[in-house]
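Scroll down for the structure; my scribbles are underneath it.
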């Protein structure tokens, strides 16, 4: 494992004259020139030294150059990057960027959307670039109206869809200051989704090590982070909660995190406190971003939600926040752009606005609204409950009723049985929530189902 | 007849068990459930309680008469414990 204490900065990549699309390839080349053996990507991490696979910046730079040559020969009208190998994916993206070839990152479960990109070439693990399927439609020159990067949304609140981005917006959130260089980043997101691209772009642009655990199992994630000297953990609150509650305590004890960056879901106060207690030297940041908008803001004060005074003011990045009457958060990225309804509901609590859930997750019980997040927060605060999910079950009588699943800590605290844990959970809900918000169905589960984005869906998977 | 009576007895036991589960989950003392007991005034069950009972019975008996009967002929009002049992007996008997 290479973890140079003072990695050479990529002067070329940082220079303002390197256009955004070429910046990733330039960064790889620059590190490879100075330190070709430096590890860029480690996959299958967390299963032991004999299973891990490492790819150096030197290899990555050769792959980028090879793909660029193939792009020049094939002249595809666009490339769909489809690779299970993260290093191959990085090389494809870097090459397409520098060659100004429109690029699509399409996750495995969004393959149906590829029909919209017919005639684009698919580039996979073998790094071959086939000619565009439609003869005669190969590109000559890309005009400025061509999409630069197409990413599929996670489909948290509806079917996944393709969203176009520019290279500028893809790289907008990357932090390039010296302090970010040469760090170990763990990738627990799908590398083809927005959140995943942000992690690996950040890692590679700054000459860092991208560590990809063999699975999202909490033990594997904790061991990968500990064994590979990861200092930055970007994750969903669900994954962090799992690592804290159930990962191998020896591995968790060996983790040396400087930064925990939470995103994809709202982080509750309890989780933020637990993270602070377990990783006292780590700065915990909550990022609010969507595939459509990119990063909107980040909060690092250790409290849930965001300061109430932010509403109606221009934030440092230029975005302006407001709310609809029903509490839905609206974002205007700049004066020239339209206000976008985010589908996220916020509630004012004291000097903060806290996230109460997705509009589409709201449960309607006899006409009254129930926010699943509030139910989950109450359940998670019960001693013996590691995690919880609340959702609506259809009912012919009341429209929906509240149902919930809880994951018990393992082992249960002394004297606690599943029966009295369940009773305690319901009692906590009765004392903290209105009657219609108390779960009417409460089941134990060993693990909450998560979608490919690592988020817990709040609609029933099936009835 | 014996088998139908037996089935009715089993279904009545399931309905009773579901009602007791609702009392338990809502921290209310259990009540006797004679067949003529009115679901509302005698057993103290409100619409949320009934919605929970229907979910519990769907898990144990495999049917939801309220959902499965959507669009079919209107059924008589369900006011007593026996009405509820009869509804499940009829729904299960009509199941292909």
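Look at where the Cα atoms of region A:60-122 and of region A:297-369 average out, and the two centres are 35 Å apart. Placing one equal scatterer on every Cα of region A:362-444 and applying the Debye formula, the log10 ratio I(q)/I(0) at q = 0.15, 0.16 Å⁻¹ is -0.48, -0.54. Each helix, a run of at least 4 DSSP H residues, gives -39500 (n - 2.57); summed and divided by the residues of chain A, these come to -8000 deg cm²/dmol at 222 nm. Highest mean first, the peptides A:18-25, A:162-169 sorted by other C-beta atoms within 10 Å per residue fall in the order A:18-25, A:162-169. Placing a label point 7 Å from the Cα of residue A:409 along the Cα-to-Cβ direction, the residues of region A:259-278 with a backbone N closer than 19 Å are A:268-278. Taking the DSSP beta bridges with both ends in chain A, the antiparallel portion is around 60 percent. Ordered by the count of other Cβ atoms within 10 Å of each Cβ, fewest first, B:78, A:244 give B:78, A:244. Using only the C-alpha atoms, the convex hull of region A:18-106 corresponds to 99 Å³ per residue. Taking other C-beta atoms within 10 Å as the exposure proxy, A:444, B:66, B:81 rank A:444, B:66, B:81 from fewest upward. Within 10 Å of the Cβ of each residue in A:31-37, the mean number of Cβ atoms contributed by other protein chains is 0. If R0 equals 35 Å, the separation of the Cβ atoms of residue A:108 and residue A:66 corresponds to a calculated FRET efficiency of about 0.90.
Among A:429, A:220, the order by Cβ neighbours within 10 angstrom, fewest to most, reads A:220, A:429. How far is helix A:418-432 tilted, in degrees, relative to the longest principal axis of the Cα atoms in chain A, given as a value from 0 to 90 rounded to the nearest 10? So the helix axis and the longest Cα principal axis differ by about 80 degrees.
In region A:276-394, the C-alpha radius of gyration followed by the widest Cα-Cα span (Dmax) gives 15.9, 50 angstrom. One decimal place: the segment residue A:349-residue A:177 gains 58.4 nm when fully extended, by the rule 0.36 nm per residue minus the C-alpha distance. Quick one: pull the percentage of alpha-carbon pairs in region A:247-320 with a separation above 15 Å. More than 15 Å apart: 60 percent of the Cα pairs in region A:247-320. Could you give the Stokes-Einstein D for region A:306-357 in µm² per second, using the C-alpha Kirkwood radius, 4 °C, 1.567 mPa s? Approximately 117 µm²/s, per Stokes-Einstein. Here the peptides A:75-87, A:403-415 are ranked by packing, the mean other Cβ count within 10 Å, and the order with the highest first is A:75-87, A:403-415. Only Cα sites of region B:2-93 enter the Debye sum here, all with the same form factor; the resulting log10 I(q)/I(0) across q = 0.22, 0.24 1/Å is -1.19, -1.39, listed in q order.
When you count the other C-beta atoms within 10 angstrom of each residue and take the mean per peptide, B:24-33, A:279-288, B:86-95 line up highest first as A:279-288, B:86-95, B:24-33. The distance between label points at residue A:73 and residue A:254 comes to 4.5 nm (points 7 Å beyond Cα on the Cα→Cβ vector). Stokes-Einstein, applied to the Kirkwood radius of the protein assembly as shown over Cα pairs at a viscosity of 1.567 mPa s and 4 °C, places its translational diffusion at 49 µm² s⁻¹.
Inter-chain Cβ neighbour count for A:438-447, averaged per residue, equals 2 (cutoff 10 Å, partner chain atoms only). Calculate the FRET efficiency for residue B:9 and residue A:432 from the Cβ-Cβ distance with a Förster distance of 41 Å, rounded to the nearest 0.05. Computed FRET efficiency for residue B:9 and residue A:432: 0.50. Here the gap between residue B:95 and residue B:67, fully extended at 0.36 nm per residue and compared with their Cα-Cα distance, gives a gain of 8.7 nm. Computing FRET efficiency as 1/(1 + (r/R0)^6) for residue A:446 and residue A:416, where r is the C-beta to C-beta distance and R0 is 25 Å, gives about 0.90.
Neighbouring Cβ atoms from other chains, within 10 Å of the Cβ of residues in A:364-373, number 1 on average.
The numbers here are math on the coordinates, done by the rules we state, and not lab data. On a predicted model such as this, the values are computed, not experimentally measured, just so you know. Backbone-built Cβ (ideal geometry, glycine too); neighbour counts: all protein chains shown.
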